[in-house]
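In what follows, a single structure is set out as structure tokens and then discussed.
The values are calculated or read from the model by the stated rules, or taken from the named source; none is laboratory data. Since this is a predicted model, take the numbers as computed values, not measurements. As a convention, Cβ positions derive from the backbone with ideal geometry for all residues, glycine included, and neighbour counts pool all protein chains shown. Ligands, DNA and RNA are stripped out before the accessible areas are found, and what is left, the full protein with its side chains, is counted by its heavy atoms. Shrake-Rupley method; radii C 1.70, N 1.55, O 1.52, S 1.80 Å.
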Amino acid sequence: MTQNIARRTVFATALGGVAATMVRTPLAWGADPITIGCSMPQTGALASNGKAVLLTMQIWAEEVNAKGGIMGRPVQLVYYDDQSNPANVPRIYTKLLDVDKVDLIVTNGTNLTVPAMPIAMERGKVVMCMFSLAINEKFHYDRFFQTMPYGPDGKAAISAGFFEIAMGMTPKPMTVALVGADAEFSKNAVAGAREQARKHGLRVVYDRTYPPSTVDFGPIIRGIATTNPDLVYIGSYPLDTTGLIRSARELSFRPKLFGGGMVGTQNASLKGDLGEMLNDVVSYELYCPAAAGHFPRVAPMLEKYQPLAATNGVDTLGYYSPPFTYCSMEVLEQAVKGVGGLDQDKLGKYIHATKFDTIVGDIKFGADGEWTEPRMLTVQFRGLKGQGVDQFKSPSAEVILHPAQYRTGEVHHPMGPAAQ
Amino acid sequence: MSSITISHLGAGYGKVRVIQDLSMEVRSGETVALLGTNGNGKSTLIKCVMGLLTPAEGSIKAEIDGVTHELAGMRTEDIVSLGIALVPEGRRLFPRLTVEENLTIGAFRRVARKVLPRNIDFCFEAFPRLKERRTQLAGSMSGGEQQMLALGRALMSEPRILLIDEPSVGLAPLLVKRTIEKIAELKQEKQLTVLMAEQNFHQALRIADRGYVIVHGEIAFAGNSAAELNENDLIKKLYMGL
Amino acid sequence: MPDPSAVLNAVVAGVLLGGFYAAVALGIAIAFGMLDIPNLSHPAFVVMGAFATWVLNNTFGIDPVLAGLIMTGPFFILGVLLYRLYHTCFESRGEAPLQGLAFFFGILFITEVVLVLTAGADYRSVQADYIGVSVNLGSVTLPLRMVVPFVVSIGMLLALQQFLSRSFTGRAILAVSQDKLALQLMGVSPTRIKALAFGISIATAAVAGSLLIIIQPVEPSIGRDFIGRAFAAVVLGGMGSFWGMLIASIILGITESIVSDMWNPSWAPAIAFGFLLPTLAFRSGGLLGRKL
Amino acid sequence: MSNLRFWACGLLLVLVGWLLGRLVSNEYAFFAGYSVLQYILLATAWNILGGYAGYVNFGTAAFFALGAYVSVALNKLYAPPLPVLIVAGGVASGLIGLLMGSLTLKLRGVFFSIATLALAIVSQAVITNWEFVGGSSGAYVLRPRVGPLGGSYIEYLFYTMLVMAVAAVALARTVERSKLGFGLAAIRDDEAAAEASGVPTLKLKLLATVASGTLMGMAGAPLPFYVAYLDPPSAFNLAYAVNTIAMPLVGGTGTWIGPVLGAILLTVVQETAMVTISSAANLLIVGLLMVGFITLAPNGIVGMVRKLRGDRR
Amino acid sequence: MTDALLVVDGLTKRFGGFTALSDISLRIQPGERLGLIGPNGSGKSTFTNCISGTLPIDAGSVTLDGRRLDGLPSHQRTRLGLARSFQLPRPFGSLTVAENLRVPMLYAGRGGTDTEAELLEMVGLGGKAAQRPGDLTQVEMRKLELARAMAASPRLLVADEAMAGLSNSEVDEILALLLRLNDQGVTIVLIEHIMRAVMAFSQRLVCLVAGRKIADGDPQDVIRNDDVLKAYLGE
């Protein structure tokens, strides 16, 4: 597999335009393959996630094919690079569906999924979507399924854990500062947090957004600090997550609770880079070693993933996208087997009706294709020293605070200094 | 010893031939004037000598300290390195550099760098105005001052042969006179060989040992002395249409 | 009335940020301001410098600033080669401006993709003792992560300024955009000088890259964020003027900082750029530019 | 090409496009075709200012996105038919062009270019903070399944774009041969000599900026329906600015056919690279192609053909 | 005295610390052929640029047929009938020779009835209509430059060194051309170094030296004027 991928990269790079043939994983057997198509960012701002997702899908396909495929048919991935640009997505999915005639489609990310929706809907295709937020609120498409564990109320799910934990602290917090990047996910995360704050009767003392291209976050942290909030809820993307945490540490800004819906704290290289600065920061996770006991099949999959990730220059821990990507593929696999074919209507109904046993536990899809129960993990970083990725492999590095069934510790507050 | 010998030179731009079969020489230690009105080929000739224009035919030989170099085909930078400097028409100073920076850049040539302080002092002594204005931007100076700076800058490269193209352009008559006198003075002090293209006939002849009159790209008259040129009718005809 | 110490902090943060912008803009001030080469791909070289710094820091544990300085050598050579290509293809044919722009757009793409293909799409960052540490001067808190880039940037600017005004080569660089022919008459080859100067401009990208990765993690596509800011600083500053560019960078930095701190961060870049349009319209020579 | 032949060809093209649409069963052709036409329109629009008058606009994304966002806003308010949105988008972008041009067209070309870059950044910030059109979280624009002409909505979008592209090319061609075209060419070749020949240079440059901006805005208006979801980073994507400059250059500036050829060549290559080489390498190919073309054929395809024919234009 | 076509009054132009033109006053009668001479750098081209609106002036005024031109952009002056040719020809390189003439005809053609072909025929470029300026010889380029200025149907033509670098016979060609134009009623200011041509052409001669007008009058008188002689030949 390593070789295969490495060779493909080299080949494509070297031959450029001529290398048109390597997209479909070459297969040795005669049976007609089941083709799964997707648009996956390999360049541009979303490439980091896109590459990790694709790598996991390839691992899954390899495993399935090694076991003899699905119903005796091999699986084959067909994927194109949308360059993180939504304008490329409609063409890619019509190509996949009308020209390549793929059997199943998978999508990734909110703004790269929405452009695919009308196309899939017109063709009645099941959409297996990863890492997007509340898309089907607009479409109400009954064959749309999303494996990001937001549950039925997506926007609230991101921040619910944070606020529940906060309200359990003594003394009770009175004020909250909200800050988010001017972009889709963070905006929604903060919108959810605003609701939560109102629900819990917290006074919002700061509520601002910043452009993703911000370089120095010191002024923003200072602006927040002057309002002296008990809680700071942040919706951010990887680079700003780092910038905000670093600036807060440098300016010794230590509210009672700091964190929220921060994309990036899940990423291995950013974790390792921030290291002890993350101590006491609260963020969300989809998986972390503290939860390993609940999901025993994740660790072996990650063992396959991690060495490949290192050579491909993507997230080397793989706690974020790989388990849920793998889970999406498992759902598809089990559905096809359950239906005994590729009839999209039957597949859609089957997925709605079935409880799936996946690498990330038992899941069931409810209204609008979201999980019936939210299962975002709210975690707090603890006991980190200096920098380095390896310490995050210990279950004690991230304490799960929420939801209750996975809890491995109690919240630590107020926020302490970086080095503990 | 330093001299220039031009033989059977032909040059032009695109299809237009400006100079045909032109031969002349500048002997060591001489001041030679190149006379003629605008558009007759004086500047083209100077450009050929400096390598700014590649001649179509003929040769330009420069002899410096016993070594003879064929200039036709050489790059301007290399010609300058031999010790040939040009004060270009319109002065072509670096307007956004100061007076002193303009002078210093004149000493880019390796030989000249070593004697930079001495030459700067020399320039400031020769042109006290430049010393007063050393930190001023060259572009903000008056025409006369600019011409002095251009002369000074050319001298900074320690040349053996100095070419001057139309030093009187844009100057009031009094300044023309002073500039011409200054050239003679500098030539004396620096032991230079000078070739000067100039339309201002009388002024040029005040300091020239000899002169050539160029008409339509050919030598129309070669005067072996200033007097000989002064007496020639061709000049008045050419200049004043009389 | 805002708290004076808060204002002071915001201003200081803006100055530090502006110092970093100046490091990115420096190469453009040389290439675009002095040599008339519209190198739009400069920010991509800055990101490349950041990745090079990451490699040296990660494999050999070399201090990022030192790594940036080490990389100036290879980057210089890269710049000289790039200029040679540019010169042969455009300058010598005399059709530079429009085609040159598109050429550098292409280079921007190529650089970005080469980084994705060689280093992957993941975030990269460096380790150094001063990252995450702050010093307090009275009521002002200075994060070393911003101070170090500021100091290095100003140092680089001063060193280059000295080089340009003190050395023969430097003065020739200053002169080359003013009058190429006159420069030839001084015995200097304008093409060689421009190649050298462009090499220096790309070499500054190596240092700017090391500063960037000290401030924040990088991934291949982030260079685009800096194209606007850097060009704005150079144009505002009056094209070839280092000091003008520095002042313009600092104005951009302070505006961003004060708007972020006191009002709404979301508008910070728009307001900074808002400066640019009226400046261009009413004072086309930039803020400081040597007159004439 | 004579007028009659040009119009015949234009009409034929629309007809063939329509017929093909009837024959082709897969919608990919419409989506890909839309993208080609959109770039023909953008490149032609850019060329009116950049190619004819020699003023380089870096801010294509601003004009284009403005058209798209006017469309989002109006659609949300009244949901008027697409042609109305297109006109509105065009008018808005044209007005911005007028404002921008009157501020900066007196400057040397390069300053104008930088000013357009600034315009793109400022307008992105404005849109990002304009909550009515979704602000930074983006706006959903659900297109109907069926277009007003029968057939799918994307078919309708395709035909709309086809008509606009043909009209824009016709406009560009008319401009090129008109009094305005000669004036612009004079400005491009020598602005001072143009003034001395009685050409009101500032007025003409403004006119070209407005025309160019209007067409870009019109190109952007259908975009929300094409992508179904629009957020500022994708509407202001750098790719639009890069492509619209690269296409006329690759095809050849100064004539109406250049941008058309360039747009077709580059979009087809990009599309082919995207759907065949499924890795980052596809962008590399586009970059190399662009650089290669510009260095080896500085006057574009048109220049190359002329050279082969021996015409030394 | 009839009303002057062009009245220049106290025109002054400075560049930085350098005064290029100082207090120049001049009247040109309709139909007149005026020669403007002066050594290189005496301000002749600056004068052309100032009256044609290419350069703003620092003091004084320029009036064409009773209409003040100050502040008007060049193209409006051209439309009012003041055309100029450039010292170094500045053709529109991407247009054909005929198209070069079409630009002023379209934009400043003040009811002139000549066609491009007629104009080209008149200047002797009849066979070159479809060529590009880059393919022309030096003298053809000069003719094109003049023809383009004439295509604007001017009342006053300022010909800036239209003959520099040409051979004797070529100078005669251009001279004949200018005289023919004058016959058709165009007032002409000829700026020239070639004295033979200037003397043959001018009804009146003006001499600039170092930005000042030092002589104005009958050509024969002017060139015998001491100051003029000094300026040209030195003392």
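Reported count of residues in segment A:289-308, each being farther than 17 Å from A:Met329 by Cβ and either in contact with a strand residue (DSSP E or B) (Cβ under 6 Å, 6 or more places away or on another chain) or outside any loop (DSSP other than H, G, I, E, B) (or both), is 7.
Are any residues in segment B:135-144 modelled with pLDDT of 85 or more and surrounded by fewer than 22 Cβ atoms within 10 Å (Cβ to Cβ), and if so, which ones? Listed by number, the residues that qualify are B:Thr135, B:Gln136, B:Leu137. All conditions in (1) away from chain B (no Cβ under 14 Å); (2) more than 15 Å from the chain's Cα centre (by Cα); (3) open to solvent by less than 20 Å² (accessible area, probe 1.4 Å); (4) among the small types (Gly, Ala, Ser) hold for E:Ser52, with the sole exception of (2). Please go through segment A:46-87 and pick out each residue that is at pLDDT below 90, more than 12 Å from chain C (Cβ to nearest Cβ) and buried (at least 24 other Cβ atoms within 10 Å of the Cβ). The answer is A:Asp82, A:Pro86. Which condition does A:Pro152 not pass, out of (1) closer than 30 Å to D:Glu155 by Cβ; (2) surrounded by fewer than 22 Cβ atoms within 10 Å (Cβ to Cβ); (3) under 19 Å from the mean Cα position of the chain (by Cα); (4) not polar (S, T, N, Q), if it passes all the others? So A:Pro152 meets the others, but not (1).
Taking segment E:179-196 as the range and being surrounded by 18 or more Cβ atoms within 10 Å (Cβ to Cβ) and either among the acidic types (Asp, Glu) or facing chain B (nearest Cβ under 8 Å) (or both) as the test, the residues that pass are E:Glu192, E:His193, E:Ile194, E:Met195, E:Arg196.
Table: residues versus (1) within 12 Å of chain D (Cβ to nearest Cβ); (2) of a type in the set (A, V, I, L, M, F, W, C); (3) closer than 30 Å to C:Ile222 by Cβ.
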position: A:Leu97; (1), (2), (3): yes, yes, no
position: A:Gly109; (1), (2), (3): yes, no, yes
position: A:Tyr141; (1), (2), (3): yes, no, no
position: A:Ala166; (1), (2), (3): no, yes, no
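Taking the criterion of being without any contact (Cβ under 8 Å) to a residue 60 or more places away in the chain, among the aliphatic types (A, V, I, L, M), open to solvent by 60 Å² or more (accessible area, probe 1.4 Å) and at negative phi, would at least one residue in segment E:75-83 satisfy it? So far as segment E:75-83 goes, no, none of its residues is without any contact (Cβ under 8 Å) to a residue 60 or more places away in the chain, among the aliphatic types (A, V, I, L, M), open to solvent by 60 Å² or more (accessible area, probe 1.4 Å) and at negative phi.
Scanning segment B:155-174 for residues that are at the interface with another protein chain (Cβ under 8 Å from one of its Cβ atoms) and surrounded by fewer than 23 Cβ atoms within 10 Å (Cβ to Cβ), which turns out nearest to B:Val111 (Cα to Cα)?
Only one residue tops the list, namely B:Val169.
Condition (residue is at pLDDT 90 or above and either within 14 Å of chain E (Cβ to nearest Cβ) or open to solvent by less than 10 Å² (accessible area, probe 1.4 Å) (or both)) applied to segment D:149-161: is it met by at least one residue? Yes, because at least one residue in segment D:149-161 is at pLDDT 90 or above and either within 14 Å of chain E (Cβ to nearest Cβ) or open to solvent by less than 10 Å² (accessible area, probe 1.4 Å) (or both). All conditions in (1) open to solvent by 20 Å² or more (accessible area, probe 1.4 Å); (2) facing chain B (nearest Cβ under 8 Å) hold for E:Gln220, with the sole exception of (2).
Residues in segment B:9-42 that are among the polar types (S, T, N, Q) and more than 10 Å from chain E (Cβ to nearest Cβ) were compared, and the one that is least open to solvent (accessible area, probe 1.4 Å) is B:Thr31. Mind checking which residues of segment A:346-375 are outside any strand (DSSP E or B) and among the β-branched types (Val, Ile, Thr)? The answer is A:Ile351, A:Thr354, A:Ile359, A:Val360, A:Thr372. Counting only residues that are at the interface with chain A (Cβ under 10 Å from one of its Cβ atoms) and in contact (Cβ under 8 Å) with a residue 40 or more places away in the chain, segment C:101-112 holds 1 of them. For segment D:282-289, does any single residue satisfy the condition of being in contact with a helix residue (DSSP H, G or I) (Cβ under 7 Å, 6 or more places away or on another chain) and touching a residue at least 40 places away in the same chain (Cβ under 8 Å)? Checked segment D:282-289: no residue is in contact with a helix residue (DSSP H, G or I) (Cβ under 7 Å, 6 or more places away or on another chain) and touching a residue at least 40 places away in the same chain (Cβ under 8 Å).
For segment A:146-159, the condition of being hydroxyl-bearing (Ser, Thr, Tyr) and touching a Pro at 6+ places or on another chain (Cβ under 9 Å) holds for at least one residue. Against the criterion of being in contact (Cβ under 8 Å) with a residue 12 or more places away in the chain and under 27 Å from D:Pro200 (Cβ atoms), E:Leu146 qualifies. Exactly one residue out of A:Asp207, A:Asp216 is closer than 24 Å to C:Arg224 by Cβ and either buried (at least 19 other Cβ atoms within 10 Å of the Cβ) or not basic (Lys, Arg) (or both), and it is A:Asp216.
Among what's in segment B:180-201 and is crowded, with 20+ Cβ neighbours inside 10 Å and assigned to a helix (DSSP H, G or I), pick the residue that is farthest from the other protein chains (Cβ to nearest Cβ). The qualifying residue farthest from the other protein chains (Cβ to nearest Cβ) is B:Leu186.
Residue count for segment A:113-133, restricted to those that are open to solvent by less than 10 Å² (accessible area, probe 1.4 Å) and more than 9 Å from chain D (Cβ to nearest Cβ): 8. The criterion of being farther than 12 Å from B:Ile161 by Cα, at pLDDT 90 or above and either open to solvent by less than 10 Å² (accessible area, probe 1.4 Å) or touching a strand residue (DSSP E or B) at 6+ places or on another chain (Cβ under 7 Å) (or both) holds for B:Leu45. For C:Leu181, the requirement of being open to solvent by 20 Å² or more (accessible area, probe 1.4 Å) and either of a type in the set (Phe, Trp, Tyr) or assigned to a helix (DSSP H, G or I) (or both) is met. The C-beta contact set for segment A:56-71 (first residue assigned to a strand (DSSP E or B), second residue open to solvent by less than 10 Å² (accessible area, probe 1.4 Å), distance under 8 angstrom, 6+ apart or interchain) comprises A:Ile70/A:Ile34; A:Ile70/A:Val64; A:Ile70/A:Val336. Here B:Thr98 does not qualify as at the interface with another protein chain (Cβ under 7 Å from one of its Cβ atoms), farther than 21 Å from B:Leu171 by Cβ and among the hydroxyl-bearing types (Ser, Thr, Tyr). Residues in segment D:268-298 that are assigned to a loop (DSSP other than H, G, I, E, B) and either more than 7 Å from chain C (Cβ to nearest Cβ) or over 18 Å from C:Leu82 (Cβ atoms) (or both): 5 in all. If you check D:Ala92, D:Ala118 for being touching a Leu at 6+ places or on another chain (Cβ under 9 Å), surrounded by 22 or more Cβ atoms within 10 Å (Cβ to Cβ) and at pLDDT below 85, only one passes: D:Ala118.
Helices (runs of 4 or more DSSP H) fully within segment D:1-79 that include at least 2 residues being at pLDDT 85 or above: D:28-50, D:60-77.
Within segment B:108-136, residues that are within 14 Å of chain C (Cβ to nearest Cβ) and on the phi < 0 side of the Ramachandran plot reach partners that are part of a helix (DSSP H, G or I) and among the charged types (D, E, K, R) with beta carbons closer than 7 Å, at six or more positions or on different chains, in the pairs B:Arg134/B:Glu100; B:Thr135/B:Glu100.
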